[in-house]
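Below: one structure, written as structure tokens.
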Amino acid sequence: MLSYESAEQLLAEPEARRYLHVILLNALRDQATQLEIRFGETGGLLYYRVHGRDWELAPPPETIYPLLKETVRSVARLVQPERPDVTVLAGVPGARYEPLEVGWLTYQMAGQWLDIVVRIDPREPFGFIRFDIDAAEEFASAAGEALAAYAARLAADTLATDGRLSTESAL
């Protein structure tokens, strides 16, 4: 389960978990029906689907990118099926069949709960994480308020830090 309580709680989360919160809150605010992170050798691609159209977003930061699959696994309830004994006849030499890990992520915000279907393609360094979101419109305003509170808190923290640095450098 992943729970948003306040901007302070969000700032206290580990970086990868905070990133997961922020992309989910953005998807909910924009009423996305699907959010996907695709993995590659050199980084990731993040996009979501809103009103039947896919929108590419800024890729996950390099420091967070390698931690995302494990972060999702730690907060979601997934079924990790056993890999059947399958011979891959076409494709990359040495390839093997990897079944998807499937389950749900319960997201709690503003006293409401939302179950989001999660699919993880476990192939490394490739694969994907996909979130299928139903009824995002019910959470859109609460997600927008949460993001606004988080942005205000980040701005206040940055201003306080910059102010301390300016004062210290003047001394």
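Laboratory data are not the source of any read-out in this text; all were calculated from the coordinates shown. In this text the structure is predicted, and so the values were computed from the model without any measurement. Reconstructed Cβ throughout: ideal geometry from the backbone, glycine too, with neighbour counts over all protein chains shown.
What is the helix-to-structure angle for 140-170, meaning the angle in degrees between its Cα long axis and the longest Cα principal axis of the chain, kept from 0 to 90 and rounded to the nearest 10? Its long axis makes an angle of about 60 degrees. Cβ-to-Cβ counts within 10 Å put HIS51, HIS21 in ascending order as HIS51, HIS21, the fewest first.
Placing unit charges on the Cβ atoms only, positive for Lys and Arg and negative for Asp and Glu, gives the stretch 1-156 a dipole magnitude near 140 debye about its Cα centre.
Springs join every pair of Cα atoms under 10 Å in this Gaussian network model of the chain, and among LEU78, LEU11, LEU24 the largest mean-square fluctuation is at LEU11. Helices in the chain, meaning DSSP H runs of at least 4 residues, each add -39500 (n - 2.57). Divided by all residues, the mean residue ellipticity at 222 nm is -11500 deg cm²/dmol. Longest stretch of the chain clear of exposed loop sites (GluC sites (Glu not before Pro), DSSP loop, at most 15 other Cβ atoms within 10 Å, sites excluded): 83-171. In percent, what relative contact order does the chain have, based on Cα pairs under 8 Å that are 6 or more apart in sequence? Across the chain, relative contact order equals 28 percent. Here the chain yields Rg over Rh of 1.05, to two decimals, using C-alpha coordinates and the Kirkwood radius.
For the stretch 109-156, the square roots a ≥ b ≥ c of the C-alpha gyration tensor eigenvalues yield an a/c of 1.5 or more together with a/b not exceeding b/c, which makes the shape oblate.
Whole-percent P(r), the stretch 7-77, all Cα pairs, 10 Å bins from 0: 19, 50, 29, 2.
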